[in-house]
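The values are calculated or read from the model by the stated rules, or taken from the named source; none is laboratory data. These numbers were taken from a predicted model, which means no experiment stands behind them. Backbone-built Cβ (ideal geometry, glycine too); neighbour counts: all protein chains shown.
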Ligand SMILES: [Zn+2]
Ligand SMILES: [Zn+2]
């Protein structure tokens, strides 16, 4: 844990009289389309059922980029970041699911109402009154974060702090998308970034055949995909070399939907895994004909997380990460925006 910065209380007139207020540092978004700004805040205290976590590392997800760029709109000002790994340093009233000092992960789904029709029907990912980490409640681009303990996950020991972060969203929501592909044997991944590089390892371990469609000409991503066991890798402007049973679109590019529909066989499914996508251009009905389907994946449930972390206990998944200091959050976001990364960018306070 990083030691809390000690700020002298103004009334102490600069003299140390045992009156010190601990504070935290965060990278805050004031307005979409502007850079994140480093801010010092008083250390928050966890409320009922909440825990205060000292952030060890926080991954950057494409959704953070959508928040910062204003493609989607949550609360403002906000501290982004929902792939958080850290250690519990304070327990709120009634909390105690994890001992103080335990390493936990905080995902995108930060809180649900527990009583709406969706919550009651095991579909809390669609809750009517949800809170999302780094979107409607402050996230992990910070030294500290407060989380509802019921939505935290224990992290398998074999992952280091930095390498565990992409599991919390790229891995977890990617896994929900993979599950929607059902028994599909040959799967196409459109966009080969943080999510696809984890899912490729899981899908190949499940003895599925993965075809990786990258940005045209991105031979580095194609080599990376092959290295991770993909049966084929090429540009998304190329037709699939064989019919796919299902396709998962990770890239926020609407034009990939008709392309993926043309690549799937009769009865095949195209799954859109992102929270935001550019408009989908018109396409002929014959591309959807023969019971092909298109669906989206929204958020996650705690059950998804439990299933995902149990599964990867058995699979030798490795994550590829590029660490940046917390204060370089804007540079890291820019590298993601411009496709200058293989794997995932991670902020380390
Ligand atoms: Zn609900
Ligand atoms: Zn995410």
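Which of (1) modelled with pLDDT of 95 or more; (2) farther than 20 Å from residue 214 by Cβ; (3) out of contact with any helix residue (DSSP H, G or I) (no Cβ under 6 Å at 6 or more places or on another chain) is the odd one out, the single condition residue 324 does not satisfy?
So residue 324 meets the others, but not (3).
Would you pick out the residues in region 223-271 that are over 21 Å from residue 337 (Cα atoms) and in a loop (DSSP other than H, G, I, E, B)?
228, 229, 230, 231, 238, 239, 240, 241, 242, 243
Every residue, every condition in (1) within 16 Å of ligand 2 (Cβ to nearest atom); (2) crowded, with 21+ Cβ neighbours inside 10 Å, yes or no:
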position: 74; (1), (2): yes, no
position: 77; (1), (2): no, no
position: 81; (1), (2): yes, yes
position: 86; (1), (2): no, yes
position: 98; (1), (2): no, no
position: 117; (1), (2): no, no
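Assigned to a loop (DSSP other than H, G, I, E, B) and surrounded by 15 or more Cβ atoms within 10 Å (Cβ to Cβ) - does that describe any residue in region 323-335?
no
Of all residues in region 302-322, count the ones that are more than 15 Å from residue 107 (Cβ to Cβ), part of a helix (DSSP H, G or I) and touching a residue at least 40 places away in the same chain (Cβ under 8 Å).
1
Would you be able to tell me the number of residues in region 58-72 that are more than 20 Å from residue 273 (Cβ to Cβ) and surrounded by fewer than 24 Cβ atoms within 10 Å (Cβ to Cβ)?
So the first thing to find is which residues in region 58-72 are more than 20 Å from residue 273 (Cβ to Cβ), and the list is 58, 70.
Within this subset, residues satisfying the condition of being surrounded by fewer than 24 Cβ atoms within 10 Å (Cβ to Cβ) are 70.
Going through region 58-72 one residue at a time, the tally reaches 1.
Considering only residues that are surrounded by 13 or more Cβ atoms within 10 Å (Cβ to Cβ), within 27 Å of residue 123 (Cβ to Cβ) and in contact with a helix residue (DSSP H, G or I) (Cβ under 8 Å, 6 or more places away or on another chain), which ones fall in region 279-297?
Of everything in region 279-297, those that are surrounded by 13 or more Cβ atoms within 10 Å (Cβ to Cβ), within 27 Å of residue 123 (Cβ to Cβ) and in contact with a helix residue (DSSP H, G or I) (Cβ under 8 Å, 6 or more places away or on another chain) turn out to be 280, 288, 292, 294, 297.
Look at region 186-200 and say how many of its residues are assigned to a helix (DSSP H, G or I) and in contact with a strand residue (DSSP E or B) (Cβ under 6 Å, 6 or more places away or on another chain).
3
Within region 128-142, work out how many residues are surrounded by 24 or more Cβ atoms within 10 Å (Cβ to Cβ) and away from ligand 2 (no atom under 15 Å from the Cβ).
The qualifying residues number 2.
Restricting to strands (runs of 3 or more DSSP E) lying wholly in region 74-185: which have 2 or more residues that are within 16 Å of ligand 1 (Cβ to nearest atom) and touching a residue at least 24 places away in the same chain (Cβ under 8 Å)? Give the steps one after another, and end with the answer.
Details: elements: 83-91, 103-106, 109-111, 144-148.
Where strands (runs of 3 or more DSSP E) fall fully within region 74-185 and carry at least 2 residues being within 16 Å of ligand 1 (Cβ to nearest atom) and touching a residue at least 24 places away in the same chain (Cβ under 8 Å), they are 109-111.
Among the residues of region 46-70, count how many are touching a helix residue (DSSP H, G or I) at 6+ places or on another chain (Cβ under 8 Å) and outside any strand (DSSP E or B).
First, pick out the residues of region 46-70 that are touching a helix residue (DSSP H, G or I) at 6+ places or on another chain (Cβ under 8 Å): 49-51, 56-62, 64-65, 68-69.
The next check asks that each one be outside any strand (DSSP E or B); those that pass are 49, 60-62, 64-65, 68-69.
So the answer is 8.
Only residues that are more than 14 Å from ligand 2 (Cβ to nearest atom) and under 19 Å from residue 347 (Cβ atoms): list them for region 154-166, please.
Across region 154-166, the qualifying residues are 155, 159, 160, 161, 162, 163, 164.
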